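The values are calculated or read from the model by the stated rules, or taken from the named source; none is laboratory data. Predicted, not measured: the structure shown is a model, and the values here were computed from it. For neighbour counting, all protein chains shown are included, and Cβ atoms are generated from backbone atoms with ideal geometry for every residue, glycine included.
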Amino acid sequence: MFCLVYRSTAQLAFKTVDVKEMLEKARFSNSRDNITGCLLYYEGEFIQYLEGNQIKVLNLFDKIKADKRHKDISILAHGITDSREFKDWEMAYADYFGDNDQINYFRLLLDSYEEMEDSSIHPNPSFNAFWIAVRENLGKPLTSQP
């Protein structure tokens, strides 16, 4: 299983409806290509974790890099892992357009991850890089590095 984590800046000011439309299209194509992951959007910045067949994930990332809605794209981590981290989610999503059920659930996920942050429990460096980027975006101090 291949995974990739990237960060990008939105070229345009996205509204909730814009992100949801993009998300619906992503879920359809990700389901078709057996790609799972998680997308976060906060203050004009995307952080995304993608996992699946290496060729399909890299093809998707090439499309993202060519998408004019993204700029300043940087890979935070990538690698091979034994299993999916988001196995049941074609694309989990948390938006930071104010307080809502999605963001509250995502905060719980972050809290759960921080409680089990020991690298022996989560040996996937890309998954660790994803949560570190999430924590940085939420303005929480880093407690450790993988």
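Assuming Arg7 fulfils every condition listed in (1) of a type in the set (Lys, Arg); (2) under 12 Å from the mean Cα position of the chain (by Cα); (3) part of a loop (DSSP other than H, G, I, E, B) apart from one, which condition is it?
Only one criterion is unmet by Arg7, namely (3).
Would you be able to tell me the number of residues in region 29-47 that are assigned to a helix (DSSP H, G or I) and surrounded by 12 or more Cβ atoms within 10 Å (Cβ to Cβ)?
4
Return the residues of region 28-55 that are within 19 Å of Phe127 (Cβ to Cβ) and more than 14 Å from the chain's Cα centre (by Cα); say none if nothing qualifies.
Residues satisfying the conditions are Asn34, Asn53, Gln54.
Do any residues in region 38-49 that are under 16 Å from Ala129 (Cα atoms) and touching a residue at least 60 places away in the same chain (Cβ under 8 Å) have Cβ atoms under 7 Å from those of residues that are among the β-branched types (Val, Ile, Thr) and surrounded by 21 or more Cβ atoms within 10 Å (Cβ to Cβ), where the two are at least six apart or on different chains, and which pairs are they?
Correct list of pairs: Leu40/Ile47; Leu40/Val134; Ile47/Val134; Tyr49/Val5.
Phe61: modelled with pLDDT of 85 or more and either polar (S, T, N, Q) or surrounded by 17 or more Cβ atoms within 10 Å (Cβ to Cβ) (or both), yes or no?
yes
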